[in-house]
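The values are calculated or read from the model by the stated rules, or taken from the named source; none is laboratory data. All of these numbers come straight from a predicted model, not from anything done at the bench. Heads up, the Cβs are rebuilt from the backbone with ideal geometry, glycines too, and the neighbour counts pull from every protein chain shown. We work out accessible area using only protein heavy atoms, side chains counted, and drop any ligands, DNA or RNA first. Shrake-Rupley method; radii C 1.70, N 1.55, O 1.52, S 1.80 Å.
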Amino acid sequence: MDDRREGVQVGENKYISKSSILSHLKTYNLYYEGQNLQLRHREEEDELIVEGLLNISWGLRRPIRLQMQDDHERIRPPPSSTSWHSGCNLDNQSPEGQKQAPPSIEVTEPESQSDRSMTGEENDEEDGVDTSSQLLRTKSDAGVLRRGNRRSPSDQRRIRRHRFSINGHFYNHKTAVFTPAYGSVTNVRINSCMTTPQVLRLLLNKFKIENSPDDFALYLVHTSGERVQLKRTDHPLVLRILQGPCEQVCRIFLMEQDLGEEVTYDVAQYIKFEMPVLQSFITKLKEEEDREVQKLKRRYKYLRYIIEKQLQCAPDGSTCM
């Protein structure tokens, strides 16, 4: 059978069997039992798809810039003294406007132009307010109804929710450019079909970050110090499942593309030692190198002696090199 149908893709030309990934997934969900980090899976057209939240730690050294304005946010100019909204404000600030209840909607026959003008003049005389074209418009039912529809607290929370914060940091003109705290954790909802560039774009769009996704990279950072950069064809969620759920052993970091550096397992073994210990290692290696050099010199010196002895014993008339 084809591996693409029987397995789940990990990277370019890399697949893992469904049974194996389901076994790792079971362990993963047991570790996060009762938390929102548990992953769900389903099958679509014989393809296993895993989805859920993926924790990503900030590991940036340079500041990032947040967008000034959301894509779906409208810029509303301040109301002027001649605008329709300002007329509604004047009406609501008057004693009659504060006591006036929202009018009921009734279906009546359309009245003539003369009746409307007479009605407007009578209302102006009763209120004792100077008649003007702008104030006449504020007396309409539409103006009262539209001004009275204010956002409820739940709507305000919903509108604000589409811009997430980085550890409580929202956009601010003074602090729009800042560096997230190193090691602080965020999360993004993805699935096992997403590659590394797709996860990066989703993460930057979540926080409305202006920087290009090509400026960043994802790294698997182990407690031992080993650091491996995820390739563009890798699937981060699948790799997270295979590494295990414990983030004290392995974490996924967001770092700069040009500042991040891979660290192999052999090098990572020596990273956490103190400088005196590392210096002693260097001294030991130097001594071992000197011993090996002396051993090679003695060996080749002996071989040279044997060759010269054989040349001296050669019969007359033979040529020596």
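Under unit Cβ charges (Lys, Arg +1; Asp, Glu -1), what dipole magnitude, rounded to 20 debye, does region 273-313 have relative to its Cα centre? Before the final figure, lay out the partial values.
Details: 10 positive and 7 negative charges, 85 e Å.
Once rounded to the nearest 20, the dipole reads 400 debye.
May I ask for the net charge around SER57, where only other residues with Cβ less than 13 Å from the Cβ of SER57 are counted and Lys, Arg are +1 while Asp, Glu are -1?
Numbers: positive: ARG227, ARG240, ARG251; negative: GLU247.
Neighbourhood net charge equals +2.
Counting just the Cα atoms, what span does region 273-313 cover along each of its three principal axes? Round to the nearest Å and put the largest first.
60, 8, 6 Å, listed from the longest principal axis down.
Kindly state, to the nearest 0.05, the FRET efficiency for LYS295 paired with GLU261, given R0 = 30 Å and r defined as their beta-carbon distance.
Values: r = 36 Å, r/R0 = 1.22.
That pair, LYS295 with GLU261, gives E of 0.25.
Sorting SER19, SER212, SER184 by accessible area (1.4 Å probe), largest first, what list results?
SER19, SER212, SER184
Hey, if we sort MET275, MET255 by accessible area with the 1.4 Å probe, largest down, what's the order?
MET275, MET255
So what are the ³J(HN,Hα) numbers for region 276-288, from phi and the Karplus equation (6.51, -1.76, 1.60; θ = phi - 60°), rounded to whole Hz, Gly and Pro as x?
Taking θ as phi minus 60°, the curve returns x, 5, 5, 5, 5, 4, 5, 5, 4, 5, 5, 5, 5 Hz for region 276-288.
Considering only ILE282, MET194, ILE252, whose Cα is most displaced toward the positive end of the charge dipole of region 186-289, charges sitting on Cβ of Lys, Arg (+1) and Asp, Glu (-1)?
MET194
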